[in-house]
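One structure below.
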Amino acid sequence: LATALPTALSVIFQLEAERTIVISNPALPPVPMASIDTPEWLHVGPLHQESEQIYQDLQTFRAKHNLRLSLNPSISTIEEHTRGFSAVLRLVDILFLNEDEAYSLARVPHTTPVETLLGSLQRLGPKIVCITRGAQGAIVASAEKVWHGSATAGKNERVDATGGGDAFVSGFLASYLAAEDLENNALIERSLQFGLLNSG
């Protein structure tokens, strides 16, 4: 499909263990919410442009269609913490963050115990909070329980961690959306393992 619209571009420079990622995100026209078929579930990844308007539109769209929502916000969205973003957080079924993003969103120091961090994030509204922790694996919390999962990448030679968080999100959601009549706690536990395996 040919298009005249520009696309985003990322270039990764890697020297031994260090890497720098240069990203160009050209301004693109927003996708009107009304043009999206009514889904049962909507996942919103990192937004970098005009995110406040998108978050405002998302509130209306979700209310109209009663869909379920997962969110993986960008660090810039977290730092701006606009009114629309805060409102969407209260509607989120699953929130995905890395550890730095989690502390930033909760506005607590990095020395804060994990249980306190999770509680601070859950008070913002998400039903399930997933925090990826690099080589330490991931933590997932619901209102009833907290799960700790070990990273699988240590069993293989580590090449590069770029994209590991996105791989965790896609693995977790692929499992979670295929519920197969599993009870919710069992479904979350399985989804955590899928996310870790995919990111590894």
- Starting at the first residue of the range 103-118, write each ³J(HN,Hα) from the Karplus equation 6.51 cos²θ - 1.76 cosθ + 1.60 with θ = phi - 60°, in whole Hz, x for Gly and Pro. 5, 5, 5, 6, 6, 10, x, 5, 7, 5, x, 4, 4, 5, 4, 4
- Query: Rank 100, 37, 57, 181 by accessible area, highest first, at a 1.4 Å probe radius?
  - Reply: 181, 37, 100, 57
- Item | Max mean-square fluctuation residue, GNM over the chain, Cα-Cα springs under 10 Å, options 60, 111, 38 | 111
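With a Förster radius of 22 Å, plug the Cβ-Cβ distance of residue 35 and residue 60 into 1/(1 + (r/R0)^6) and report the FRET value to the nearest 0.05.
The value I calculate is 0.95.
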- A chain fully extended from residue 15 to residue 75 at 0.36 nm per residue, minus the present Cα-Cα distance, gains in nm 19.1 nm
- Note on the structure: The answer for residue 69, listing residues at least 5 apart or on another chain whose modeled amide H is closer than 5 Å to its amide H, is 42, 93, 94
- Query: How much accessible surface area, in Å² rounded to 10, belongs to the heavy atoms of residue 62 with a 1.4 Å probe?
  - Reply: 40 Å²
- Message: I'd like the carbon and sulfur percentage of the solvent accessible area for the range 98-200, probe radius 1.4 Å, heavy atoms only, ligands and nucleic acids excluded.
- Response: 52 percent
- Task: Considering Cα pairs under 8 angstrom that are at least six residues apart, work out the relative contact order of the chain and quote it in whole percent.
- Result: 12 percent
- Message: Of all beta bridges DSSP finds with both residues in the chain, what is the antiparallel percent, to the nearest 5?
- Response: 60 percent
- Query: Taking square-rooted eigenvalues a ≥ b ≥ c of the alpha carbon gyration tensor, is the chain rounded, prolate or oblate, where a/c under 1.5 means rounded and, failing that, a/b exceeding b/c means prolate?
  - Reply: rounded
- Kindly report, to the nearest 10 Å², the accessible surface of residue 54 as traced by a 1.4 Å probe over protein heavy atoms only. 50 Å²
- Task: Compare 91, 177, 124 in a GNM of the chain, Cα atoms joined below 10 Å, and give the one with the largest fluctuation.
- Result: 177
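The values are calculated or read from the model by the stated rules, or taken from the named source; none is laboratory data. Here the structure is a predicted model, which means the values were calculated and not measured. Positions of Cβ are generated from backbone atoms using ideal geometry, with glycine treated the same way; all protein chains shown enter the neighbour counts. Accessible surface is based on the protein model in full, side chains and every heavy atom, while ligands, DNA and RNA are left aside. Shrake-Rupley method; radii C 1.70, N 1.55, O 1.52, S 1.80 Å.
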